1. State whether the residues of segment A:257-272 include one that is crowded, with 17+ Cβ neighbours inside 10 Å and either within 14 Å of chain B (Cβ to nearest Cβ) or without any contact (Cβ under 8 Å) to a residue 40 or more places away in the chain (or both).
2. I need the full set of residues from segment B:347-357 which are in a helix (DSSP H, G or I) and surrounded by 16 or more Cβ atoms within 10 Å (Cβ to Cβ), in order please.
3. Give the residues of segment B:79-96 that are surrounded by 19 or more Cβ atoms within 10 Å (Cβ to Cβ) and part of a loop (DSSP other than H, G, I, E, B), sorted by residue number.
4. Restricting segment B:400-411 to residues that are facing chain A (nearest Cβ under 8 Å) and over 19 Å from B:Val321 (Cα atoms), which is modelled with the highest pLDDT?
5. What residue, among those in segment B:372-394 that are within 24 Å of B:Leu356 (Cα to Cα), aliphatic (A, V, I, L, M) and part of a helix (DSSP H, G or I), is nearest to the other protein chains (Cβ to nearest Cβ)?
6. Can you list the strands (runs of 3 or more DSSP E) found entirely within segment A:1-101 that contain at least 1 residues being touching a Gly at 6+ places or on another chain (Cβ under 9 Å) and among the aromatic types (Phe, Trp, Tyr)?
7. Please work out if B:Leu133 is more than 17 Å from the chain's Cα centre (by Cα) and either surrounded by fewer than 19 Cβ atoms within 10 Å (Cβ to Cβ) or in a helix (DSSP H, G or I) (or both).
Amino acid sequence: MKVKSLVTVFFAVYIISLSFVPLVHDALLAKNAWLGYGTGAYAFQNQNYFVLFNDPYDGSSKPHVQMNPDFAPNDRIPIIEFSDWTSWVDGFNFFNDFNVTMRPNQRTLDVTYSRPGILLHKFLTATPDNITVELVSDKEFTAHLELWRWVMTSVNGLSIKDAPKPMQIPTTTQIEFTFQDYRLQSEGTGRITLSRVPVQIMIWPYENGFNKITIDFVNTEMSLTVSGSMTPVGRTYPTWNYSDLPYVLPVVAVLVVAIYLLVDKYGKTNKDRASRARS
Amino acid sequence: MEKRIKIVLLALAVRLAIAPFFMHAGDVGTIYESSAIALQGGNLYDFVYGKTLQMQQATGLPVFFEGYAYHPLLIYFFVPFYWLFTLIAGPYSVMIDGHYPSLPVLVYPWTPILLLMLKIPIILADVAVVYILAGIDTRKAEIYALCPYVVFISVVWGMFDAIVAVFLLTSYLTFSRNSLFSGILYGLSLMKLYTIVLLPLFVIRLFGKWKDLLQFMGGLTLTLLPVAYFLIVSPASIWNVLVTFQGTRVMGGVNLYNFIWVVQDLRFDLDISIIPSILLLVSIVLLIPKFGRKGPLLEAILAFMLASFLFGKVLNEQFLVSIFPLILLCKKCDSRLWIAPFAFIFLRSPFYYFALPILWASPVFYSYYLQADVVWRQLQAVGYLQVPMYAVGIAFSLLILWNLLRILDATSVQAVGGRGQTVGFMRRLIRVRILLGSRRHRFVP
């Protein structure tokens, strides 16, 4: 075999082999561990939940809890997003007023917020059943947390008709909300279980539902355990999602390599055509 | 007017007309920020290293601050123009932040003037390439002068690979005439470090011609003196920025390796990024016997650079500009190679990102920006753009391979032709000797 053919074959095999790397990583390495990427974001994936904790330069998704429905396991449906942009501790904004460090363990991400006089940990623990966000400090603190979702159709049984304006709801340790996913033709339920009764819970209307739940409390610690479930309403159709990419890339690689090989074998260059025309 | 001058003026006019209104905020922001630090006598590498340490401390990950990670001399191409700008606009910052993922705050009316001033060295480099090419072949100069890809990288993006291009081109052209000058020019082409792969080629070419080798290395060493200075005054910083960062980057770009952007696991990404580095080393070692001592220098340079583009783990959209003049001069290469990285630019970054200086000028335009950005982010979030980016990346790698194989093929034919000529010469020599021998035999008494 000529050197050119050998090199071409090697390169074709090389491209196609490497295209399987994302799939192999997803299947063998990506599950049940906090993995860092980009400019410092962390993500956790288990069989039921995907959790994103954004990089230090972004105050959103701190964390963003998403679920993988049983009937569409590659899809990621947002349950609730904690925002550092709009949450405060002792009057200081989580995003703007604290130094933040992140350190992962196998199932727990330890995010430390520090500033003179305040040291606070946000522990994120993922299990197959739920995701727990735990705030812990060595002294009592006053917190205002904002949890976002576009949009919740009801919160603790209240719909937009019951609360057309921002409304304080009875304090409780259980917050249950519903939402719809039009793409998957399904309805979902999200649950937030608090370790202690807070001082205040408010819901904030937006369009045809609520887009925000705010929780205020005073304590040395508070955990919020998030879980969710979804049921299809009608017939569900396959949908495209970012997590489908590892399956698509090998197909792209094979196609592009095949086109190259065909053109290389049967295609004519401009120079070939010109020389044939001259002859 | 002489055609050569016409082409040069046309190239200049096109670039000057575009330069004030567009930029890649991250890259132009880096040059702006670095020029300011350098003018104040600050240490750029300490600044970048300090930011990197902050990021690593915050995240617990081997992440790097993407700031000034170039040859120390590079910034002095920009500093005089930045200094002139401060004489006009004053010392206050007119572009605040802009490092990914932040968007810059721009101060008007100074931003367009700043952009023009900071792009002047790039424009001059482009114009110099056009002038040199026009002296060889005006058609090739026209292609370079008006190639949308080159124009985009230089004056829309504001990336300075044209500076690498002009030094690499002149180093090649002076190589056989003035080794000292060629060495200096090659050293200056290291403004972006990827031309380092050519060093073994130049050294082996000159091996045995000791005076030329000494002159070439002397010229190169001269340009590396600032690196030596920083290695003495802040060794940890420059090592981290130039060697650790550049050497341990995650693979990706307009190449077959950008699938890694889907794998959101930095430590794994870094580990697997060793594969192309090993193959790059192997390919260079294999090319040395092929091109080290023989074959035309132009093809040899292109073979080394194309191999580094093929197996080098990072291939950014702008890198091709550096060898584009040489590709134009090479009869075996297809100059349409630029189409793939040009297409890739618009898949990786939305066009409006480059138009921030226009869009930031009015609240109306800003609202258009926000609308477009929502759509773009949705496309990005679901991964629609990753598929064409991967396809273009592979296609570009394959096109590079195709060009590399053509060069190898052509030089093999030449080598065979050369060997054939040698064989013919030897045969003729033997025939003459036989003839002489027989004559001698005939005339010996």
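1. Of the residues in segment A:257-272, the ones crowded, with 17+ Cβ neighbours inside 10 Å are A:257, A:260.
Then drop every residue that is not either within 14 Å of chain B (Cβ to nearest Cβ) or without any contact (Cβ under 8 Å) to a residue 40 or more places away in the chain (or both), which leaves A:257, A:260.
Within segment A:257-272, one or more residues are crowded, with 17+ Cβ neighbours inside 10 Å and either within 14 Å of chain B (Cβ to nearest Cβ) or without any contact (Cβ under 8 Å) to a residue 40 or more places away in the chain (or both).
2. Going through segment B:347-357, the residues in a helix (DSSP H, G or I) turn out to be B:347-348, B:351-354, B:356-357.
Of everything in segment B:347-357, those that are in a helix (DSSP H, G or I) and surrounded by 16 or more Cβ atoms within 10 Å (Cβ to Cβ) turn out to be B:Leu347, B:Arg348, B:Tyr352, B:Tyr353, B:Phe354, B:Leu356, B:Pro357.
3. B:Val94
4. Going residue by residue through segment B:400-411, those that are facing chain A (nearest Cβ under 8 Å) are B:401-402, B:405, B:408-409.
Imposing the further condition that a residue be over 19 Å from B:Val321 (Cα atoms) reduces the set to B:405, B:408-409.
Values: B:Leu405: 94, B:Leu408: 90, B:Asp409: 86.
By that ranking, first place goes to B:Leu405.
5. Here the answer is B:Ala381.
6. On the way: elements: A:35-37, A:41-45, A:49-53, A:64-67, A:77-82.
Strands (runs of 3 or more DSSP E) meeting the threshold: A:41-45, A:49-53.
7. Values: more than 17 Å from the chain's Cα centre (by Cα): yes; either surrounded by fewer than 19 Cβ atoms within 10 Å (Cβ to Cβ) or in a helix (DSSP H, G or I) (or both): yes.
The answer is yes for B:Leu133.
Residue by residue, here is whether (1) away from chain A (no Cβ under 14 Å); (2) in contact (Cβ under 8 Å) with a residue 60 or more places away in the chain; (3) in a helix (DSSP H, G or I); (4) within 21 Å of the chain's Cα centre (by Cα) holds:
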| residue | (1), (2), (3), (4) |
| --- | --- |
| B:Val8 | yes, yes, yes, no |
| B:Gly26 | no, yes, yes, yes |
| B:Gly29 | yes, yes, yes, yes |
| B:Ala58 | no, no, yes, no |
| B:Val63 | no, yes, no, no |
| B:Phe77 | yes, yes, yes, yes |
| B:Gly98 | no, yes, no, no |
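The values are calculated or read from the model by the stated rules, or taken from the named source; none is laboratory data. Worth saying up front: this structure is predicted, and the values here are computed from it rather than measured. Reconstructed Cβ throughout: ideal geometry from the backbone, glycine too, with neighbour counts over all protein chains shown.
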